[in-house]
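Following: one structure in structure tokens, then a few remarks.
The values are calculated or read from the model by the stated rules, or taken from the named source; none is laboratory data. Because the structure is a prediction, the values reported are computed rather than measured. In this analysis, Cβ positions are derived from the backbone assuming ideal geometry, glycine residues included, and neighbour counts consider all displayed protein chains. Side chains included, ligands, DNA and RNA excluded: accessible areas come from the protein's heavy atoms. Shrake-Rupley method; radii C 1.70, N 1.55, O 1.52, S 1.80 Å.
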Amino acid sequence: MAAFACLTITLGSVSLSLVIGTATPAWLVTMWYPPDEVIEGPPLVPVLGGLLLLGLVNSWMLWEVLRGPAPAAVPMRRAATWLRLLLYADVVWLLIPSFLPGLVETVIGLALWVPALVLFTVVLTGSGRPFRLALLLLGLVEPVTSLVDCLADDSPLQIFVSPAYKATVMAVGMTASVVTVMLLLAQRRDGRWSRVTLLIGLGTFASAFLVELVDGLTRGGTIESIAEAMDVLYIVWLARTAHELNREPRRKAPLRVPAPVAAATAVLPLMVVGPEGRPHLTYTWQSDALMECWVASEPPRVADIPAHERERAYMCSVSKPSRPVSDQELLGRGRDACARFAAGEPVRARPALLALLCPEVIGRSHPDLLVSSAQIARQEAEKERIERERSARKARREARKEDALCRDPWPALRTRFQATASYYDWDANPYGIYDAETDTEEGYEAIWDRESIGTLATSGPLALIFTPSQDWATCVTAKALHSAPPPLRRKGWDEVVEADIVSESGRLVMQTLSASKVRFPDLARGGPGRYRLRLYTRPGVDLVLVYPVRRAAW
């Protein structure tokens, strides 16, 4: 009778509105609150069509709400009894027009729905414990957010939450949709609710999308009547859920959490929190990681990089900070170039870069690019060794030629302990005679510390001879004598000088002069003691005579 009366009144009010040319009577009857000036702008017929639809839905709602509950098949548990009572109370609260402040209405609505949600997780059967726990946690998101939003309205707290307001609204909306779907799945798994109830619940889930669609196609008061009609579905779903609670559940296998629900549960908190940094066009290395890229003019060699780092090395080598491109695009271009290179087509990319992506393709025509830096270093070292040996052999051949051209400048003064070799030095360094078993470092420093150095300079066990030329080789002849040679003969020589040298070990050696490694004999023929060095020199020829100083002469 109530549903019939509501339908009759709705039809009468719509007819009256058509007669008087205003939608106010139909609005008062169907919407249950006074209209505003919005309904006067749009055409009358679409507005009355929406109100007629709402009146029909209201009549159907009254029939669903006021009909008696289903026959009791089994005694209801205490939790189910309390849940049905809370659901009926929630239906009554939604049906009665309220003029209370917004905060009071929010608190009353939460006081009715939150306990009902908790009892839902207790009463529902056939769903696993993790599923019901996820349902409870997600179901509490919207009530808590509504309460916080109501408390923060027109307060300084609203300024604090405003930067994340859009993300929060989106996350809460998605959470409410997920909760609705989970409830419908749990009801279906429980088995005590009819298919009509589940379809009405599915309509509640789809109502938000339908309202947005109607809003895009219409304007003005039509959307408000459609939104009210969609809200009626929620009331009907609550009433039918309460009606059918006393049925016997049909237990089935536990309902697992669907993968999309689990994904949404993980994504929603991330959406609310927001990113830690600004988004970039690339996905891995752009921004701070760019500082770690190679800055050399040449790309790194593929053999020097682990296989899992080669793509990163390629992106670092081809990237241009002035033209940021995503990693996927860079890799796609590189792999496309590899395919064209393998097909023999010309490519603009350097083979050294493509070797980082497709070494097996590039290595067919450029095997040198697959060699590591260590291998290259070994090859270079081997080349240098071979070159040194070749230069040394060449120097020995030239030295032997130079040695063959050298002659003894005083053949009449013969001794078994003599040798002749060529000496050539571009840096005009001196050659020396020294005690083989004595440290000559101190004598060497003493000679070089002098203000002026002559042709022959000695200090203790060391003697340096400064006669080599940079333009030609010098033939050096050294003779070891047992006694003093004949008196000085200056004829044919530019300079003749003498100096003393001391040998504590009794061995005086000439440094190796020629690349042919001519061996000079021991020049200390008188054992340990003091020796006299006499140097005859002219361009290209040096003659060194070494003989002991008699003890009586000391």
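List the pairs whose first member sits in the range 84-98 and is without any contact (Cβ under 8 Å) to a residue 12 or more places away in the chain, whose second member is among the acidic types (D, E) and open to solvent by 50 Å² or more (accessible area, probe 1.4 Å), and whose Cβ atoms are under 9 Å apart, counting only residues at least 6 apart or on separate chains?
S98/E105
With (1) without any contact (Cβ under 8 Å) to a residue 60 or more places away in the chain; (2) open to solvent by less than 60 Å² (accessible area, probe 1.4 Å); (3) more than 24 Å from the chain's Cα centre (by Cα) as the list, and S326 as the residue in question, which single condition is left unmet?
(3)
Output the residues belonging to the range 477-519 that are charged (D, E, K, R) and open to solvent by 20 Å² or more (accessible area, probe 1.4 Å).
Once the filter is applied, which keeps residues that are charged (D, E, K, R) and open to solvent by 20 Å² or more (accessible area, probe 1.4 Å), the range 477-519 yields R489, R490, K491, D494, E495, E498, D500, E504, R507, K517, R519.
Looking at the range 127-134, can you tell me whether even one residue there is small (G, A, S) and at pLDDT 85 or above?
yes
Taking the residues in the range 397-430 that are part of a loop (DSSP other than H, G, I, E, B) and of a type in the set (D, E, K, R) as candidates, determine which candidate is nearest to L543 (Cα to Cα).
Among them, the one singled out is D408.
So which of S459, S452, S391 ends up being hydroxyl-bearing (S, T, Y) and surrounded by 20 or more Cβ atoms within 10 Å (Cβ to Cβ)?
S459
Condition first: assigned to a strand (DSSP E or B) and surrounded by fewer than 19 Cβ atoms within 10 Å (Cβ to Cβ). Now tell me which residues in the range 522-540 satisfy that.
G529, R530, R532, R538, listed by residue number.
Considering L137, L103, which residue is at pLDDT below 80, surrounded by fewer than 14 Cβ atoms within 10 Å (Cβ to Cβ), out of contact with any strand residue (DSSP E or B) (no Cβ under 9 Å at 6 or more places or on another chain) and part of a helix (DSSP H, G or I)?
Every option except L103 fails the conditions.
Which residue pairs have Cβ atoms under 8 Å apart, sit 6 or more places apart or on different chains, and have a first residue in the range 1-12 that is more than 16 Å from G49 (Cα to Cα) and a second that is among the aliphatic types (A, V, I, L, M) and part of a helix (DSSP H, G or I)?
Hits for this filter: A2/L62; A2/L66; A3/L62; A3/L66; C6/L62.
For residues that are exposed (fewer than 14 other Cβ atoms within 10 Å of the Cβ), in a helix (DSSP H, G or I) and touching a helix residue (DSSP H, G or I) at 6+ places or on another chain (Cβ under 7 Å), tally how many sit in the range 367-388.
Residues meeting the conditions: 1.
Please go through the range 500-528 and pick out each residue that is touching a Phe, Trp or Tyr at 6+ places or on another chain (Cβ under 9 Å) and more than 29 Å from R396 (Cα to Cα).
D500, I501, V502, S503, R525, G526
For I433, are the conditions met, namely being buried (at least 17 other Cβ atoms within 10 Å of the Cβ), in contact with a Leu (Cβ under 8 Å, 6 or more places away or on another chain) and part of a helix (DSSP H, G or I)?
no
In the range 333-361, what residues are exposed (fewer than 12 other Cβ atoms within 10 Å of the Cβ) and not acidic (D, E)?
Once the filter is applied, which keeps residues that are exposed (fewer than 12 other Cβ atoms within 10 Å of the Cβ) and not acidic (D, E), the range 333-361 yields A343, G344, P346, R348.
Looking at this structure, is R364 surrounded by 12 or more Cβ atoms within 10 Å (Cβ to Cβ) and without any contact (Cβ under 8 Å) to a residue 60 or more places away in the chain?
no
What residue, of V169, V178, is closer than 17 Å to V141 by Cα, surrounded by 14 or more Cβ atoms within 10 Å (Cβ to Cβ), of a type outside the set (D, E) and at pLDDT below 85?
Testing whether each residue is closer than 17 Å to V141 by Cα, surrounded by 14 or more Cβ atoms within 10 Å (Cβ to Cβ), of a type outside the set (D, E) and at pLDDT below 85 leaves just V178.
In the range 464-512, what residues are hydrophobic (A, V, I, L, M, F, W, C), assigned to a strand (DSSP E or B) and closer than 19 Å to P409 by Cβ?
Across the range 464-512, the qualifying residues are I465, C475, V476, A478, A480, V496, V497, M510.
Please name all residue pairs, on different chains or six or more residues apart, with Cβ atoms under 6 Å, provided the first residue is in the range 176-200 and is under 18 Å from M61 (Cα atoms) and in a helix (DSSP H, G or I) and the second residue is of a type in the set (A, V, I, L, M) and open to solvent by less than 10 Å² (accessible area, probe 1.4 Å).
Between residues of the range 176-200 that are under 18 Å from M61 (Cα atoms) and in a helix (DSSP H, G or I) and residues that are of a type in the set (A, V, I, L, M) and open to solvent by less than 10 Å² (accessible area, probe 1.4 Å), the close pairs are I200/V236.
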